[in-house]
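Here is the structure we will look at.
The values are calculated or read from the model by the stated rules, or taken from the named source; none is laboratory data. Being a predicted model, the structure only gives us computed values, none of them experimental. Areas reflect the complete protein model, heavy atoms only, side chains present, ligands, DNA and RNA absent. Shrake-Rupley method; radii C 1.70, N 1.55, O 1.52, S 1.80 Å.
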Amino acid sequence: MRKSILSLITLLSFNLLSAPSFADWHLDNDNSVLNFVSIKKGVIAENHQFTVLQGRVNKQGKVEINVDLTRVNTNIAIRDERMKKFVFETDKYATATFNAQLEKDMLLELNVGDNKTASVKGVLNFHGHSQDVTLEVMISKLNKNTLLVATLKPFFIKADAFGVVAGINKLKELASLPSIDYVVPVSFSVTFTN
């Protein structure tokens, strides 16, 4: 009897320690990308990205993602500098953050090879302002220690909600453009490992 109880305790301990919900997942920057699109003159769309992301999902399903705004890449150096100075104002707001709480057992339910769609509700902190956002994502478990999370459709950043209209207007003036859209589509594909 005692032997079977010890065996049961050992088995339960192993299962709990090996379950995905009891592991921290860390964002792998080298295999992750966050893109945004700017539209100028009403018809010209250009892809841009941030090259440095940090983040984790902890054991309780709390999500924390940090975007280094000083590492914006638009493929034009002078535009990068102008965006940092006038739009993002990185001397005051160097980082944007996203925080969310995943549903209980969302990651625990995934086996290797599984894909799961989810709506993740969280808070985006950007340029001194906070807004609730909902991300429609696909979560894929690539192997025992790797998750891929990607947007199913872009989400939108509205310039007026984050106080960056004046900065966009300054870009427009410096580049002698008739217009730059104030609504920016954002998408991502990020990898987490544990």
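What do you get for Rg/Rh over the range 65-194 if you use C-alpha atoms and the Kirkwood form of Rh?
Details: Rg = 17.2 Å, Rh = 16.5 Å.
Ratio of gyration radius to Kirkwood radius: 1.04.
Quick one: Debye curve from the C-alpha atoms of the range 99-144, no solvent, what's log10 I(q)/I(0) at q = 0.17, 0.23, 0.34 Å⁻¹?
Results for the range 99-144 at q = 0.17, 0.23, 0.34 Å⁻¹ read -0.57, -0.83, -1.21.
Give me Rg/Rg_expected for the range 100-176, where Rg uses Cα atoms only and Rg_expected = 2.2 N^0.38 Å with N residues.
Working: Rg = 17.4 Å, N = 77, 2.2 N^0.38 = 11.5 Å.
Cα-based Rg divided by the globular estimate yields 1.52.
At 1.4 Å probe radius, can you tell me the per residue accessible area of the chain in Å²?
On the way: 11310 Å² over 194 residues.
Spelled out: the 1.4 Å probe surface of the chain, per residue, equals 58 Å².
Per 0.36 nm of contour for each residue apart, how much would the distance between residue 47 and residue 109 grow if the chain were fully extended, relative to their Cα-Cα spacing?
18.9 nm
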